[in-house]
Each structure stands twice: as structure tokens, then as C-alpha cells.
Amino acid sequence: MSMKADQLSTGKRRRLQQCATEEGVFSILAIDHRNNLRRSLDPRDPDSVSDEALVEFKLAVVRSLAPEASGVLIDPEYGVEPVITANALPGKTGLIVAIERSGYVSSPNARMTELLPDWNVEKISRTGASGVKLLIYYHPDAPTAPQIEDLTREVAQACSDAEIPLFLEPLSYSLDPDQRKLTSQERRRVVVETARRLTTIRGVDILKAEFPLDIVAATNETEWLEACAELTEASAVPWVLLSAGVDFETYLHQVAVASRAGASGVAVGRAVWKEGIGLSPAERDRFLSGAGRDRMAKVTSLCRTLSRPWTDGLKEV
């Protein structure tokens, strides 16, 4: 079962405070991308993108955007040590570290997540992190669902033992090999049912959720609001909205709707920084310190105004 509001450990509570604004909402900058960032930096030959290029891009993003965020989500392979050593991450900003390997194994229609072999919750905690993020590929009807649930329980227990919050990020997918993505209504069912099942696992503290509709197919704001409210009702823990690479103005609209329906903030990545990809270092830095930083500030301001404090999202179950 999910941890009750009055049973949240002191360590977890303090670390969640570190990741949130004064209002108790999350505005998290996500730059934990690895394989997909390589593909973005060189779509024709991702393997040619050096580790140094990944580190350089992550450092540039964090330097420019982290001052406007309440927390930063980053990976341990190319991000944690460089941003801390370079003093790019402000001391007041929460640090959330990914624990999973990039991508998935097994088949596209029965996906499995693997943990990083050289990292664990204890090691992440020793970096001074304020949280652990676990990304899983999950469909309630997939044959791999029980194994994914067991993996989540394993990581959640380790996080509880270390008194460090777990931010759980389930990503939906289609089980039909002939259907590349879920229909809008299927996506709503899967995202909501995933929240209902996984947030009752003891030790899961924050749900990092997809928008529960396909916004290309579902354009009615009332439907958006109803779907997000359904997600709020289904989740036993506070939830934040990921950006999934949509354009910035669309994301702002999603954030406003999700916040009015009960979301406790955001974890935003490509929507604020993706146009910096492919630019020269000087142009990239100008974009990030200008438009990119302005975007992050707008998202944070919107969350401060509309999002529900995470302490209000704790439910006794």
C-alpha cells in the first residue's frame, strides 16, 4: 500500500521539500535523456555522438535553466558528477537521479526495464540527491506487467530504506504490433489504470505521468480536464506532468489544465530546451539563456499559481 500522509518519513519529507517551490509544487527540469538525446544530436549516426558531447549539452541546459526550476532530473552516467563538479546546479535546487538504463529490452509489445548495473539507490543517495527516478514501460495487460510491478516494489523498498523519495515514471505503449501507438481513449484507460495500480505500491511517492489523452485526436479542453481529474482521483500519490516532447505552447496549455485538475506540477524536458539541439555552442547558449530560461520561468510561474501542493495530494489508503 502507499505510505499514508502521516507516515511519510522525515527524510523523504525533507527531500521532497528540496525538490519543490515555496508553494509546495514541483517545477522540475528534466535532462536525463541519453539514447534519444544521441539520436537528436545526430539522427543519421547516433553512435558517433561522443559522451563528451552529451555532457556538454547537459551542462549547458542545467547552467541556463536550473535557476528557474525547483529541481533537476538527470542521469548518473553523463550528468550528476559533471553538473555538481562544475557548480552548474544551484545549491537550493533539488537533484533527482535516474536509476534505470536508457531504453527497454525484450519485444516492443512486451517491454522490460533494466536498472543501471553500477548504480543503486544507496549510491544515488550518497551523491546528495533529493530523489530517485524510475522510468518503466508499462501496460496493465502486458505479459511483462507482473515483472515490472516487482521491479517497482524492489526499488520502492530500497528508497524507503534510504528515506529518499521515489518519482515513478510509467510510459504507456501499444500491445498491438500493427498499432504504433494507443488511441486516445486507450491511452486514457491505460494511463489512469496504471496510476491506480502502481501508486498503491508502498514507497512510491510521486507519479510522473503522461498526459492522459492523445491531444491530436482529443482537442476538447473539457475532455482534457475530465481525463486529468480522473488521473488525480486514481493516483494515491501526488502527480506531475511530463512534457513528452510537445511544443512549448501546447505544453503550457496542458500544464494549466492538468494543474486545475489536481496535478502538483511538472517534470519538463524537451518542451523547454529541444530547439537548442543542432545549434553551434554559442547559438545554443544564447537560446538556452534567453528563450529557454524564459520558458522554464513561465512553467514555474504557472505551477506556482495553479498547481496543487504535493502535501495536498497525499492520500490515506
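The values are calculated or read from the model by the stated rules, or taken from the named source; none is laboratory data. Note that the coordinates shown come from a computational prediction; the quantities given were computed from them, not determined experimentally. Neighbour counts run over all protein chains shown; Cβ positions are idealised from the backbone, glycine included.
So, in the stretch 233-250, how many residues would count as being within 16 Å of Cys303 (Cα to Cα) and without any contact (Cβ under 8 Å) to a residue 40 or more places away in the chain? Give the steps one after another, and end with the answer.
First, the residues of the stretch 233-250 that are within 16 Å of Cys303 (Cα to Cα): 238-243, 248-250.
If we keep only those that are without any contact (Cβ under 8 Å) to a residue 40 or more places away in the chain too, we end up with 241, 249-250.
The total comes to 3.
Restricting to the stretch 86-111, and then to whatever is surrounded by 15 or more Cβ atoms within 10 Å (Cβ to Cβ) and either small (Gly, Ala, Ser) or farther than 19 Å from Lys208 by Cβ (or both), can you tell me which residue is modelled with the lowest pLDDT? I'd like the intermediate steps shown before the answer.
Taking the stretch 86-111 as the starting set, the residues that turn out to be surrounded by 15 or more Cβ atoms within 10 Å (Cβ to Cβ) are 88-89, 93-102, 104, 106, 109-111.
Pick out the ones that are also either small (Gly, Ala, Ser) or farther than 19 Å from Lys208 by Cβ (or both) and you get 88-89, 94, 98, 102, 106, 109-110.
Numbers: Ala88: 97, Leu89: 96, Gly94: 98, Ala98: 98, Ser102: 86, Ser106: 79, Asn109: 82, Ala110: 84.
Of everything passing the filter in the stretch 86-111, Ser106 is modelled with the lowest pLDDT.
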Point to revise | Candidate set: the stretch 36-71, residues that are in contact with a Gly (Cβ under 7 Å, 6 or more places away or on another chain) and farther than 18 Å from Ser280 by Cβ; chosen: the one surrounded by the most Cβ atoms within 10 Å (Cβ to Cβ) | key: Gly71
Revision key, fill the gap. Condition set part of a loop (DSSP other than H, G, I, E, B) and hydrophobic (A, V, I, L, M, F, W, C), scope the stretch 160-186, selection farthest from Phe211 (Cα to Cα): answer is Ile164
Review point. Does Gly262 count as at positive phi, touching a residue at least 24 places away in the same chain (Cβ under 8 Å) and touching a Lys or Arg at 6+ places or on another chain (Cβ under 6 Å)?
Key: yes
Review point. When you go through Ser289, Ser280 one by one, which is the residue that is small (Gly, Ala, Ser), without any contact (Cβ under 8 Å) to a residue 24 or more places away in the chain and surrounded by fewer than 24 Cβ atoms within 10 Å (Cβ to Cβ)?
Key: Ser280
Check your understanding: With Ser125, Ser160, Ser172 as the choices, which residue is more than 27 Å from Gln17 (Cβ to Cβ), modelled with pLDDT of 95 or more, crowded, with 17+ Cβ neighbours inside 10 Å and not basic (Lys, Arg)?
Key -> Ser172
Point to revise | Looking only at the stretch 116-159, and only at residues there that are among the small types (Gly, Ala, Ser) and assigned to a helix (DSSP H, G or I), the one that is nearest to the chain's Cα centre (by Cα) | key: Ala156
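Taking the options Val317, Val237, name whichever one is under 30 Å from Leu8 (Cβ atoms) and at pLDDT below 95. Break it down into steps so the answer makes sense when it comes.
Values: Val237 fails: at pLDDT below 95.
Exactly one of Val317, Val237 is under 30 Å from Leu8 (Cβ atoms) and at pLDDT below 95, namely Val317.
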Practice item. Could you grab the pairs with beta carbons closer than 6 Å, sequence gap of 6+ or different chains, first residue in the stretch 185-205 and surrounded by fewer than 23 Cβ atoms within 10 Å (Cβ to Cβ) and among the β-branched types (Val, Ile, Thr), second one in a helix (DSSP H, G or I) and modelled with pLDDT of 95 or more? Key: Val192/Glu230; Val192/Leu231; Val192/Ala234; Ile201/Thr152; Ile201/Arg153; Ile201/Ala156
